[in-house]
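Taken together, the values in this text are just the output of simple stated rules run on the coordinates, not laboratory data. Note that the coordinates shown come from a computational prediction; the quantities given were computed from them, not determined experimentally. Positions of Cβ are backbone-derived with ideal geometry, glycine not excepted, and every protein chain shown enters the neighbour counts.
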Amino acid sequence: MRRGQGKSTSNNRKPNMTPPETRNHTPVRPQHHNADEPEENDLKNIFKKMLEDLKEDMRKSLKEIEDETNQKIQETVQDLKTEIETIKKVQAEEMLEIEKLGENINIYWSPDGQTVAVGNKDDVVTFIDAKTYRSKAEEQFKFEVNEISWNNDNNMFFLTNGNDFINILSYPKLKPVQSINAHPSNCICIKFDPMGKYFATGSADALVSLWDVDGLVCVRCFSRLDWPVRTLSFSHNGKMLASASEDHFIDVAEVETEDKLWEVQRESLTFTVVWHPKRPLLAFACNDKDGKYDSSQETGTVKLFGLPNDS
């Protein structure tokens, strides 16, 4: 056997060529990460922030509502206190009476609220200052004064009289302006349209006449009543005219066409009618003591008649 030859030993094995750092290690697969998708912790933080912001917004809104409510409550309480003080003050004061005006039969406020006109059975009209409660003018008429009224502009004063005329005076000078032969019989009542376009008169001839304010001419008549016209009233928008008499119904007419809109049935004569200042609601007072109600002299009723909202 040659030198160097013999059985192979462990020293004759092939060397391990694997790098030391990778020996006995499990291979690691690469992780794929999408930069556009936030991590789970990031999402939690976002939702947490959103929830906190929402809570803060709700807290601020509730605080604003609470403050506004408290303010309104305080204002209401203050208004009530003011009203109570006013009532107490009025109750503490004596009621003012203006004497020596005679037996009064009609009364009317001026449109500006500064004057009250009072007419008595002696056909004297007294003009009372609403601030001083004193008479600032007095006018004696030589005819029967039935009803009185200012025009809407507060610069003319109208009277209906027993001589079938409408008398017009300037105001405040109370100088005669014009006399209109309005009806063939006693001219009883007069009312002005809130819009300032018309005024209406009622007469013992059972007619209601509609007059143009600017031209002072009669434009149409309403003739559905059979008895002397006692009372008139325009609706708040000037579109309807209610009239009543001893007839057992109230006529409600359309101003521009004269057409009958409603006929309010009654069991007795009607003393007065008046429309609500803002709604299609008619109030009226009747002589009910001879009807199905108590026949005592004190008996009397005030009733309401409502119309659809689109009237």
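The table for this structure:
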{"quantity": "Proximal charge balance of GLY238 [Cβ under 10 Å; K/R count +1, D/E count -1]", "calculated": "0"}
{"quantity": "Whole-Hz couplings from phi, Karplus 6.51/-1.76/1.60, listed for the stretch 111-122; x for Gly and Pro", "calculated": "x, 8, x, 9, 9, 10, 9, 10, x, 10, 6, 8"}
{"quantity": "Label-to-label distance, nm, for residues given as ARG220 and ALA285 (7 Å Cα→Cβ offset)", "calculated": "3.1 nm"}
{"quantity": "Inter-label distance, nm, simple model (7 Å from Cα along the C-beta direction), SER61/TRP262", "calculated": "4.4 nm"}
{"quantity": "Under-5 Å amide H pairs with VAL219, H placed in peptide plane, nonlocal only", "calculated": "LEU210, TRP211, ASP212"}
{"quantity": "Sum of side-chain charges, ALA206 neighbourhood, beta-carbon under 13 Å (Lys, Arg +1; Asp, Glu -1)", "calculated": "-3"}
{"quantity": "ILE98/LEU174 FRET efficiency (R0 30 Å; Cβ-Cβ; nearest 0.05)", "calculated": "0.95"}
{"quantity": "Full-extension gain in nm, ASN106 to THR272, via 0.36 nm per residue minus C-alpha separation", "calculated": "58.5 nm"}
{"quantity": "Across LYS191/LYS239; LYS136/LYS197; LYS121/LYS142; LYS142/LYS175; LYS142/LYS197, pairs whose alpha-carbon gap is larger than 18 Å", "calculated": "LYS136/LYS197; LYS142/LYS197"}
{"quantity": "Unsatisfied cross-links (Cα-Cα over 31 Å) in the set LYS131/LYS173; LYS49/LYS72; LYS131/LYS278", "calculated": "LYS49/LYS72"}
{"quantity": "Relative contact order of the stretch 161-232, pairs being alpha-carbon contacts under 8 Å that are 6 or more residues apart, as %", "calculated": "24 percent"}
{"quantity": "Pairwise FRET efficiency - ILE87 versus MET50, Cβ, R0 = 51 Å, nearest 0.05", "calculated": "0.40"}
{"quantity": "Charge context of ILE105, other residues only, Cβ under 11 angstrom, K/R +1, D/E -1", "calculated": "-4"}
